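Accompanying notes for the structure given below.
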Amino acid sequence: MSSLRSKVGKDMKIDSSFSLQNKVAVITGGASGIGGAIAKMFSDKGASVAILDIRVMDTQSLIEAVGDQAISLSVDVTDPGSVANAFGQVVQKFKKIDILVHSAGVVALDPAEKVNEDDWAKQIDVNLSGTFFVNQACGKIMLEQGRGKIINMASQAGSIALDQHAAYCASKWGVIGLSKVLASEWAPRGVTVNTISPTVVMTELGRKAWSGPKGNRMKKLIPTGRFAEPEEIAAAAVFLASNASDMINGADLIIDGGYTIQ
């Protein structure tokens, strides 16, 4: 096994353009925001894209922007049956899956003593259990293929404590831990797993949530002095999805302008 791996490493050619030509990518939570930016950039790099979202009606304009090699499917990531059905449709359409970006997630903020049972359960169900169900369903397909790249969207909240983020932090720490276990189990069979952990990202929701004095105070705590743009997260996903990242496995790529190093 070790000699085979060494030979593959020596013989491979890195595509420094980070092309995704002839690749099939699945993006959950892809109707808008970070997932939408990733779908567009993956398509620009040559990938066929399957956008999975609970709000499938919101994907029409994105599908038109992405082009002919794209489909959108409805999925509830908290329902293993819905997840399995969606991935079955992707394979039926494209015959394979090369890349998974799991970007679906929710957040509800409150001081820890005020977090209610429903908000706690929803964030754990969507952010953590949903990650497992999606990774498991796609992982089975990729393991059968003998190849694949999985990128799970975590958060800086998966590495540090954030005020009023008890449930969200718990879920995202779980996502990073789960991804490392999958990376350890699956890489010997050709499937790598990594996470991306952004700071505040200027999606439509991000702009609304972090406008005004609250956002200005937060930006002062970030060494680069600003929040991230969706395209910056998408660019990182392109790299992790390309063959240039083949030796990156079980890593958490933090994109936070240096916030967590302080």
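Please treat every number below as a calculation from the coordinates, not as lab data. What you see is a predicted model, and the numbers here were worked out from it, not measured in a lab. Backbone-built Cβ (ideal geometry, glycine too); neighbour counts: all protein chains shown.
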Open item on the list: How many angstrom lie between the Cα centre of segment 154-218 and the Cα centre of segment 88-132?
Closed with: 12 Å
TODO: Could you tell me what % of all Cα pairs in segment 50-164 have separations over 24 Å?
DONE: 33 percent
Task: Student exercise, the chain dipole from Lys, Arg, Asp, Glu Cβ charges, in Debye to nearest 20 - done: 760 debye
- [ ] Quote the relative contact order of the chain in percent (integer), defining contacts as alpha-carbon pairs under 8 Å separated by 6+ residues.
- [x] 20 percent
Task: Rounded to 10°, Cα long-axis angle of helix 2-11 versus longest principal axis of the chain - done: 90 degrees
Open item on the list: In the chain, if the dipole is taken from +1 on Lys/Arg beta carbons and -1 on Asp/Glu beta carbons about the Cα centre, which of I51, L253, I34 is farthest to the positive end?
Closed with: L253
Task: A170-K208 FRET efficiency (beta carbon distance; Förster radius 22 Å; 0.05 resolution) - done: 0.35
Open item on the list: Could you compute the net charge surrounding K45? Neighbours are other residues with a C-beta less than 14 Å from the C-beta of K45; K and R count +1, D and E count -1.
Closed with: -1
- [ ] Provide the FRET efficiency to the nearest 0.05 for the Q92-Q21 pair, computing r from the beta carbons and using R0 = 25 Å.
- [x] 0.70
